[in-house]
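Student: The structure is given below, and queries will be raised subsequently.
The values are calculated or read from the model by the stated rules, or taken from the named source; none is laboratory data. Predicted model, so just to flag it, every value in this text is computed and none were measured. Positions of Cβ are generated from backbone atoms using ideal geometry, with glycine treated the same way; all protein chains shown enter the neighbour counts. These area figures cover heavy atoms from the full protein model, side chains too; ligands, DNA and RNA do not enter into them. Shrake-Rupley method; radii C 1.70, N 1.55, O 1.52, S 1.80 Å.
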Amino acid sequence: MAVLNGADNQEKFNYPLLTANNNHHPGEPWMKFIGRTAELEVLQSLAANPLAVATITGRRRVGKSRLVSEYAERTGKTLIRIDGRDAPRANNKMQLRAFANDLSRDTGIPGFSFSDWNAAFNGLGTLSKGKQWVILLDEITWLAKYSDECLAELKVFIDTHINGSDNQLIICGSISQWIEEFINQSDSFVGRISKKIHLSPLPLPDCAKFWQDREVSTTEILTALCVTGGIPRYLEEIDVSESAEWNIQKLCFDSPGYMVHELPNLIKSSFLQAERRDTVERYLNILGTLAEHGKTPAEISKAIKIENNEHLKNNLTSLVMSGIVSENPSWNLKSKAFNQRNIVYRIDDPYTRFYIKYIRPNLNEIEKGLYSHLTLRQLGGWETIRGFQFQSLVNQSMIPFVTNRLKLTNLPIRRCGPYYRKKTSRHPAVQIDYLLQTDDTLYVCETKFRKKINTSVIDEVKKKIENLEKPKGITVRRVLLYSGQRTQELTDSIYFDHQIRVDELLEL
């Protein structure tokens with residue numbers, strides 16, 4: 001586990017220890033901060049805004065709180081972090097008590113006690129006068145869950161104590177759908193939110209920095225990422241001195257492994273009402289239908305025998321906003337209009353697919369220790385699933401890292417993403433790993449992660465392009481994004497306009 005607590009770990013993982021300061025909070029690992037340059041710049045720009053309020057959304061474990069801590073540390077500002085508590089039998093009194101305790105911890109002033117949210121925010125506001133604080137309201141959903149007064153008083157706090165001050169207010173939460181509805185899109189907060197950041201998984205070049213200065217093959221790094229994805233908290237659990245296969249076995253198939261029960265816990269903490277067991281099971285069943293291929297709501301409904309209604313639509317929206325699933329509407333290549341009736345949902349998070357495919361069906365055996373010596377080669381269909389995982393990783397790094405290689409830096413991209421068109425009476429179905437559309441060119445991108453890649457991939461792409469309804473006069477450029485060894489025949493082929501070795505993105 002790449003968490004730093006002393007000199008021995010520093011030597012083992014080659015990460016510098018950070019100096020202890022008041023911006024570090026319990027539960028945050030002492031390790032090198034990686035990436036997030038653009039997001040740090042957004043927070044820096046916020047400081048110059050008289051109304052310095054930002055929201056940060058993103059799935060749990062993606063590093064929202066860590067980003068704010070890093071920003072406060074780099075700017076030398078005091079971080080005041082108030083955490084909402086997601087706990088059994090939580091209530092409004094518990095959230096107010098937590099608010100008071102957190103405020104005491106970060107100001108060094110003991111004895112706070114608040115009877116209501118008016119008193120809590122007034123107390124915070126009084127203490128912040130004349131300061132240059134970064135105030136983080138973390139997991140705002142849980143703070144506000146038990147009382148409508150919380151958000152009402154937050155609005156007053158922004159107007160009275162943040163607007164025109166030297167303080168910054170940052171509001172975080174893992175339940176992105178809730179923050180969108182009750183803060184970002186709420187009439188109550190119109191004009192009060194200056195910046196909105198959605199934190200995505202780390203792209204491949206940043207992920208590779210977890211193995212910095214170690215002679216580790218790119219194939220091994222990609223294999224590890226095919227399970228963890230670019231989620232910083234999962235990457236922190238990797239022992240970089242051991243192989244990818246050893247790490248995956250320890251994290252996913254040893255009964256005490258960090259990722260053995262992670263997905264149900266993630267669902268419980270990412271969706272309201274998901275504390276009920278049947279709700280968690282419903283989400284897991286929906287995800288189960290998407291383990292290998294994307295599906296439409298009608299196909300999901302048929303697969304697990306649930307109604308294709310508003311309830312399912314809300315479930316899918318929650319999964320999309322959490323970052324676990326992506327929504328892929330097909331678009332008309334001639335008009336570039338999206339077809340909202342033909343939407344395919346697919347798992348975007350590599351760990352989620354791995355859990356659904358290999359951990360969930362074998363939980364009993366894992367807990368009994370029967371899978372403690374399992375290898376990836378023993379997993380049924382691993383090569384196929386790894387291909388899906390690889391595709392997700394590449395898609396997350398497509399812009400700007402792959403588009404830069406395609407020399408699209410200064411060209412407007414009209415549409416991009418995984419492309420799907422359903423079978424009709426006139427046309428066969430077509431699915432493309434990633435499609436980029438500019439004004440006059442289609443870039444058809446095929447991903448492959450195999451030990452040996454031969455010219456059969458040419459026939460696959462040819463068939464896909466034949467099934468596309470292409471606008472007249474448009475150029476089609478064929479792109480192979482691969483990891484593995486190409487046969488000499490494929491290497492010499494002129495069929496693909498670009499053959500990009502994804503491993504190179506790890507070497508930036």
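Student: Which ³J(HN,Hα) values, rounded to whole Hz and listed in residue order, are derived for segment 283-289 from phi using the Karplus coefficients 6.51, -1.76 and 1.60 in 6.51 cos²θ - 1.76 cosθ + 1.60 with θ = phi - 60°, glycine and proline given as x?
Tutor: For segment 283-289, the Karplus-derived couplings read 4, 5, 5, 4, 5, x, 6 Hz, x marking Gly and Pro.
Student: Between Asp459 and Arg74, how many nm apart are label points set 7 Å from Cα along the C-beta direction?
Tutor: Simple spin-label model gives 5.1 nm for this pair.
Student: Taking 0.36 nm per intervening residue step and subtracting the Cα-Cα distance, what contour gain separates Glu383 from Ser115 on full extension? Mind dumping the intermediate values first?
Tutor: On the way: separation 268, 0.36 × 268 = 96.48 nm, distance 5.75 nm.
So the extension gain works out to 90.7 nm.
Student: Using the Cα atoms of segment 412-508, I'd like the radius of gyration and the largest Cα-Cα distance, Dmax, both in angstrom.
Tutor: Rg then Dmax for segment 412-508, in Å: 14.2, 47.
Student: Tell me the per residue accessible area of the chain using a 1.4 Å probe; a whole number in Å² is fine.
Tutor: Working: 22810 Å² over 508 residues.
Per-residue accessible area for the chain comes out at 45 Å².
Student: Here is a follow-up. What FRET efficiency would be calculated for the residue pair Ile306, Asp439, taking the C-beta separation as r and a Förster radius of 60 Å, to the nearest 0.05? Kindly include the intermediate steps, with their values, before the conclusion.
Tutor: Details: r = 42 Å, r/R0 = 0.70.
For R0 = 60 Å, the calculated efficiency reads 0.90.
Student: What residues have an amide H closer than 5 Å to that of Leu136, excluding those fewer than 5 places away on the same chain, when H is modeled at 1.01 Å from N in the peptide plane?
Tutor: Amide H neighbours of Leu136: Ile80, Arg81, Ile82, Ile170.
Student: How far apart, in nm, are the 7 Å Cα→Cβ label points at Ser45 and Ser188?
Tutor: It works out to 2.8 nm between the two label points.
Student: In addition: Note the listed values (1) 0.94; (2) 0.99; (3) 1.03, then indicate which one is Cα Rg over 2.2 N^0.38 Å calculated from this particular structure.
Tutor: Calculated Cα Rg over 2.2 N^0.38 Å: the matching label is (3).
Student: Turning to a different aspect of this structure: Per residue of segment 246-263, in order, report the coupling 6.51 cos²θ - 1.76 cosθ + 1.60 (Karplus, θ = phi - 60°) as ³J(HN,Hα) in whole Hz, putting x for Gly and Pro.
Tutor: Couplings: 4, 5, 5, 4, 5, 6, 10, 10, 8, 3, x, x, 4, 9, 5, 10, 5, 5 Hz.
Student: Give the distance, in whole Å, between the Cα centre of segment 489-508 and the Cα centre of segment 228-293.
Tutor: 32
Student: Out of the total accessible area of the chain (probe 1.4 Å, heavy atoms of protein only), what percent is carbon and sulfur? Display every interim value, and only then the final one.
Tutor: Details: 10540 of 22810 Å².
Of the solvent-accessible surface of the chain, carbon and sulfur hold 46 percent.
Student: At a threshold of 8 angstrom on Cα-Cα distance, excluding pairs fewer than six apart, so keeping six or more, what relative contact order does the chain reach in percent? Each step should come with its number before you reach the end.
Tutor: Details: 795 pairs, mean separation 65.4, N = 508.
The normalised contact order for the chain reaches 13 percent.
Student: Among Val53, Pro412, Phe271, whose Cα projects farthest towards the positive end of the dipole of the chain, with charges put on the beta-carbon of Lys, Arg (+1) and Asp, Glu (-1)?
Tutor: Checking the options against the dipole of the chain, the answer is Pro412.
Student: Need the list of lysines near Lys464 for cross-linking: C-alpha distance under 21 angstrom, and skip anything on the same chain fewer than eight residues off.
Tutor: Qualifying lysines at Cα under 21 Å: Lys295, Lys334, Lys336, Lys422, Lys423, Lys448, Lys472.
Student: Specify which residue in the list Leu103, Leu137, Leu202 is farthest towards the positive end of the charge dipole of the chain, using unit charges on the beta carbon of Lys, Arg (+1) and Asp, Glu (-1), about the Cα centre.
Tutor: Towards the positive end, the residue furthest out is Leu202.
Student: Quick one: go through segment 441-461 and flag any residue whose amide nitrogen is under 16 Å from the point 7 Å out along the Cα-to-Cβ line of Gln488.
Tutor: 453-455
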